[in-house]
Amino acid sequence: MRRLVKIAILGAECTGKSTLAKGLAEHFSQHYPSNWVPEYLRSFVDHHQRTPLAEEQVLIAREQKAHEARLSHALLQDNHDPIKPLTGHAPHALLFCDTTPLITSIYSEVIFGQADALVDQIAELNDYDLTLLTEIDLPWVSDGVQRDGPEIQAAVHQLIESRLQKLEIPYLKISGSTRDRTQKAQEFVGNWLSQQQS
């Protein structure tokens, strides 16, 4: 039976998470059913033409997990739109998650000045096999979604790293150019998969 592997890609605003998630899904689709989960916050902002209120943070976290669940089910049922057709049986299906509720939890605290207990509960239910943390060494360019800026990007990054350590979640730091990041992540995920199959 095929096993689902979920890879969380975390990082502060504008650290290349979406590019990395999409690129990894495309790369690994040559050998495994693969897909990526876009950040639900972007869909919310596009639809409502505003950023979410404090009481809506739990909605963001829940919808992020719901989107993961839908795509996970589709991958395991082979009911997805494959990037590339596969031959033979793949022992794993890969889902690359462009952010998780952990980021919603941290931004709730940063933006609104207090933690959201419900969001924190969702965030702490870590069900990811691997976690990648994107460093803040890329040029900062606003994506029009979050409400921070380069002046607090480093603070958010530190909060993410501190939370991962507090929750005892192992992670790999991804830094350098877009190409370097992609190559490092590909090698890390590829090596992990090889160990699972050996």
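The values are calculated or read from the model by the stated rules, or taken from the named source; none is laboratory data. Predicted model, so just to flag it, every value in this text is computed and none were measured. Neighbour counts run over all protein chains shown; Cβ positions are idealised from the backbone, glycine included.
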Looking only at the range 3-33, how many residues end up being at pLDDT 95 or above and assigned to a strand (DSSP E or B)? 8
Out of 175, 105, I need the residue that is closer than 17 Å to residue 19 by Cβ, within 16 Å of the chain's Cα centre (by Cα) and among the small types (Gly, Ala, Ser). Which one? 175
Select from the range 1-46 the residues that are among the polar types (S, T, N, Q), within 20 Å of residue 103 (Cβ to Cβ) and touching a helix residue (DSSP H, G or I) at 6+ places or on another chain (Cβ under 7 Å) and list them in ascending order. 19, 35
Subset tally (residues that are touching a residue at least 24 places away in the same chain (Cβ under 8 Å), closer than 16 Å to residue 28 by Cα and not β-branched (Val, Ile, Thr)) for the range 147-189: 4
Out of the helices (runs of 4 or more DSSP H) lying entirely within the range 101-198, which hold 2 or more residues that are β-branched (Val, Ile, Thr) and more than 30 Å from residue 1 (Cα to Cα)? 101-112, 150-166
Restricting attention to the range 184-198, which residues are under 16 Å from the mean Cα position of the chain (by Cα) and within 14 Å of residue 32 (Cα to Cα)? 186, 189
Return a yes/no flag: does the range 160-182 have any residue that is touching a helix residue (DSSP H, G or I) at 6+ places or on another chain (Cβ under 7 Å), within 14 Å of residue 13 (Cα to Cα) and either among the hydrophobic types (A, V, I, L, M, F, W, C) or surrounded by fewer than 16 Cβ atoms within 10 Å (Cβ to Cβ) (or both). yes
